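The values are calculated or read from the model by the stated rules, or taken from the named source; none is laboratory data. Keep in mind that this is a model prediction, so the values were computed, not measured. Positions of Cβ are backbone-derived with ideal geometry, glycine not excepted, and every protein chain shown enters the neighbour counts. Surface areas here come from the heavy atoms of the whole protein model, side chains and all, with no ligands, DNA or RNA. Shrake-Rupley method; radii C 1.70, N 1.55, O 1.52, S 1.80 Å.
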Amino acid sequence: MEWHLRQRQSWDVAQTGWLVAAGEPAWITREGDPDDHVLERGAVLRVAAGQRVHLGPWQDGSRPTVVFVAAQPEAGRRGLADRGAAARRAFGALAAWARSAASRANRPQGCS
């Protein structure tokens, strides 16, 4: 799922995963979480199934992009070290993807 935010929107999370910011900063809050979050380009915020999330631009007139990446179910039991390594690889991949998406979003778009 991907949002190009011009105004505040709400979303009911159906599956645990991560929100990744691309481009301009986005404001995100999770109901029941006392903290609001401002995600800069490449930042990641974990969300859990059953949460209600509110997303919007951090600054008036901006149009941030936020992408939801669903967590993949684990295949069998793995040790904690394996899980930590897998999490580091996943976050590295998410950050690289967000940088790439932000780079594409910042390029001039023309008609041919």
Exactly one of 63, 77, 88, 104 is of a type in the set (Lys, Arg) and at pLDDT 65 or above, and that one is 63
Subset of segment 1-41, residues of a type in the set (Phe, Trp, Tyr) and either closer than 14 Å to residue 70 by Cβ or exposed (fewer than 12 other Cβ atoms within 10 Å of the Cβ) (or both), comes to 11, 18
Residue pairs within 7 Å by beta carbon, gap of at least six or interchain, first lying in segment 2-19 and within 8 Å of residue 47 (Cα to Cα), second open to solvent by 90 Å² or more (accessible area, probe 1.4 Å) and at pLDDT 90 or above, listed first then second, are 18/46
Here the qualifying pairs (Cβ atoms under 8 Å; residues six or more apart or on different chains; first in segment 30-49 and at positive phi; second of a type in the set (Gly, Ala, Ser) and surrounded by fewer than 16 Cβ atoms within 10 Å (Cβ to Cβ)) come out as 42/95
Picked from segment 42-57 (must be in a loop (DSSP other than H, G, I, E, B) and modelled with pLDDT of 90 or more), the residue surrounded by the most Cβ atoms within 10 Å (Cβ to Cβ) is 43
